[in-house]
Amino acid sequence: MQLPHAVHRFDAPVVRQFVKYGIVGASNTVLTFVIYSALVLAHVDYLAALLIGYLVGSLNSYILNRRWTFRAGHLAHSTAGTRFAVVQVCAILANLGLLYVFVHDLHVPRIAAQAILTVPVLAVTFFVNRAWSFAHPAGAGPPPLSR
């Protein structure tokens, strides 16, 4: 039996890679959000709490994405790690700025504001990490796609 064309599109290698990235992102989100929430409830400044949560989530993300999502073991940590760190710093800064606007200007509760911002940050970082952080050396393109 042959599967319909639409089903094959969802089995495309990039889609599988995005799903893996989403799973890793979910684990990072849980780590970041739990740490953020616990620190906020412990009366730590919410912006500092986000930074601490992001650092823990970013370390988890680098390890899992390098090994599992992008299978980038061929890249030196100095290359992939540095690029990944640049992407994460940009994501953190954007998230912090948007979180500040949501909380102070839009009056969204602090924890809800971070929950809202999680999805767009995840989507943008996938494409940047795929195309740059874990790409093959010398501009040879994105990381290999595997099952």
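Key figures for this structure:
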item	result
Subset of the range 24-43 (residues that are more than 15 Å from ALA115 (Cα to Cα) and in contact with a helix residue (DSSP H, G or I) (Cβ under 8 Å, 6 or more places away or on another chain))	VAL24, LEU39
Selection status of LEU59, among the aliphatic types (A, V, I, L, M) and more than 22 Å from ALA135 (Cβ to Cβ)	no
Among residues of the range 40-96, those that are crowded, with 19+ Cβ neighbours inside 10 Å and of a type in the set (D, E, K, R), counted	1
The listed residue being touching a Phe, Trp or Tyr at 6+ places or on another chain (Cβ under 7 Å), assigned to a helix (DSSP H, G or I) and more than 24 Å from PRO13 (Cα to Cα), out of ALA91, ALA113	ALA113
LEU106 vs. criteria modelled with pLDDT of 90 or more, surrounded by fewer than 18 Cβ atoms within 10 Å (Cβ to Cβ) and over 22 Å from THR32 (Cα atoms)	yes
ARG83 vs. criteria touching a residue at least 24 places away in the same chain (Cβ under 8 Å) and farther than 16 Å from THR125 by Cβ	no
Given (1) under 25 Å from PRO13 (Cβ atoms); (2) polar (S, T, N, Q); (3) at pLDDT 95 or above, number of the condition ASN129 does not satisfy	(3)
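The values are calculated or read from the model by the stated rules, or taken from the named source; none is laboratory data. Predicted, not measured: the structure shown is a model, and the values here were computed from it. Reconstructed Cβ throughout: ideal geometry from the backbone, glycine too, with neighbour counts over all protein chains shown.
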